[in-house]
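Working notes, structure below.
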Amino acid sequence: MEFQNLLLEVDGGIAVLTINRPKALNALNRETLAELAEALDELGSDDEVKAIVLTGAGEKAFVAGADIKELAENSALESNDHSKFGQSLMDLIEDLGVPTIAAINGFALGGGLELAMACTIRIAASGAKLGQPEINLGVIPGFGGTQRLPRLVGMGRALHMILTGDPIDAETALDWGLVTAVYPAEELLDQARKLAAKLAGKSPFTLRVAAETVRHGMEMAFTEAVAYEASQFGLSAASQDYQEGMHAFLEKRKAEFKGF
Ligand code: DAK
């Protein structure tokens with residue numbers, strides 16, 4: 001795969017996808033969104049890829065948002081298309097089946113935070129800033145941020161962030177559960193790779209079922225969600241990886257998962 005705005009490295013089943021527009025703080029223009037969709041679609045259907053790390057090029061930004069220069073020129077119809085395409089990209093990431101880790105190495109603003117929130121797990125560099133500043137541009141988050149942010153941090157904190165537009169620092173994001181770990185900037189990518197390697201050692205099938213169950217269950221009433229959990233548990237228990245996991249434990253050896 002050849003890209004203008006992305007760098008892709010795949011090694012030992014772990015893909016590192018770097019958004020590479022550092023001069024524009026990795027802002028998401030139309031071309032970058034399309035390249036992300038193409039790359040993730042491809043990586044998601046490659047059985048050799050067990051986990052994907054998403055990060056930003058340079059030292060300042062993960063992604064500083066949608067490309068404001070491009071947004072400013074959009075007609076109403078183009079804005080509508082843009083919104084639909086961006087939302088479908090976030091859905092694609094969330095439904096990829098392969099776990100994605102956002103390694104937030106600096107500003108994650110607007111569409112950048114929305115991209116990170118569509119990932120399975122978020123970790124950040126100390127010094128990173130996360131926010132939904134769209135209000136300052138006279139719009140609201142449009143790539144799922146009004147819905148994913150309250151699900152991650154609660155309605156009060158989400159409203160505070162979305163209505164003030166003020167970013168929070170990495171430590172506050174950790175405290176609020178928006179990220180699950182914070183590391184010195186120079187360690188972030190290594191830590192993301194380590195986490196990806198840990199996930200790559202599990203059953204891809206069971207990882208997928210677990211992530212789906214948490215995510216879809218969150219949209220259901222509790223009694224419906226636990227019934228769904230029971231049927232998803234049945235699904236995981238019907239796999240060969242279930243047999244392998246149980247037998248490996250009893251035989252005191254490391255499980256060799258196959259992904260089915
Ligand atoms: N888009 C385009 N260029 C950007 C950018 C962005 N989001 N953010 C930064 N840049 C560019 C700057 O213009 C500057 O370019 P040059 O002037 O050098 O050509 C370069 O990156 C370096 O930025 P700064 O000079 O501003 O760097 P500072 O360190 O001084 O400040 C900053 C860093 C992150 C605080 C600042 O750049 C900033 O406030 N950036 C904008 C952040 C922002 O507001 N992000 C949210 C964007 S709105 C939609 C769906 C979704 C969305 C929109 C529509 N539909 C429904 C249609 C999403 C919207 C957003 O994400």
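The values are calculated or read from the model by the stated rules, or taken from the named source; none is laboratory data. Quick caveat, the model's predicted, so the values are computed rather than measured. Note: ideal-geometry Cβ built from the backbone for every residue, glycine included; neighbour counts use all protein chains shown. Surface areas here come from the heavy atoms of the whole protein model, side chains and all, with no ligands, DNA or RNA. Shrake-Rupley method; radii C 1.70, N 1.55, O 1.52, S 1.80 Å.
Results, tabulated for the structure shown:
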| item | result |
| --- | --- |
| Once exposed loop trypsin sites (Lys or Arg not before Pro) are cut out (DSSP; at most 12 other Cβ, 10 Å), longest piece of the chain | 1-251 |
| Kirkwood-type radius of the chain, with distances r between different C-alpha atoms, in Å | 19.0 |
| Relative contact order for the chain, counting Cα pairs under 8 Å that sit 6 or more residues apart, in percent | 15 |
| Residue-normalised accessible area of the chain, expressed per residue, 1.4 Å probe, Å² | 52 |
| R0 of 25 Å, Cβ-Cβ distance L7-K69: FRET efficiency to nearest 0.05 | 0.65 |
| Summed side-chain charge close to M218 - residues other than M218 whose Cβ falls under 13 Å, Lys, Arg +1, Asp, Glu -1 | -2 |
| Over 27 Å between alpha carbons, listed pairs K194/K258; K84/K258; K129/K202; K23/K198 | K84/K258; K129/K202; K23/K198 |
| E171/K60 FRET efficiency (R0 22 Å; Cβ-Cβ; nearest 0.05) | 0.75 |
| Calculated [θ] (222 nm, deg cm²/dmol) that DSSP helices of n ≥ 4 give over the chain, each run adding -39,500 (n - 2.57) | -15000 deg cm²/dmol |
| Kyte-Doolittle at least -0.5, axis length at least 20 Å by Cα - qualifying DSSP helices, the chain | 30-44, 76-94, 222-237 |
| Cα pair distances exceeding 19 angstrom across region 1-123, given as percent | 42 |
| Accessible surface of the chain [probe 1.4 Å, protein heavy atoms]: carbon and sulfur percent | 56 |
| Full-stretch length increase - E251, E48 - with 0.36 nm per residue and alpha-carbon distance subtracted | 70.4 nm |
| Net lengthening on full extension, V226/R151 (0.36 nm per residue, minus Cα-Cα) | 25.2 nm |
| Solvent-free Debye scattering, log10 I(q)/I(0), computed from the Cα coordinates of region 114-260 at q = 0.12, 0.21 Å⁻¹ | -0.68, -1.23 |
| D81/V214 FRET efficiency (R0 35 Å; Cβ-Cβ; nearest 0.05) | 0.65 |
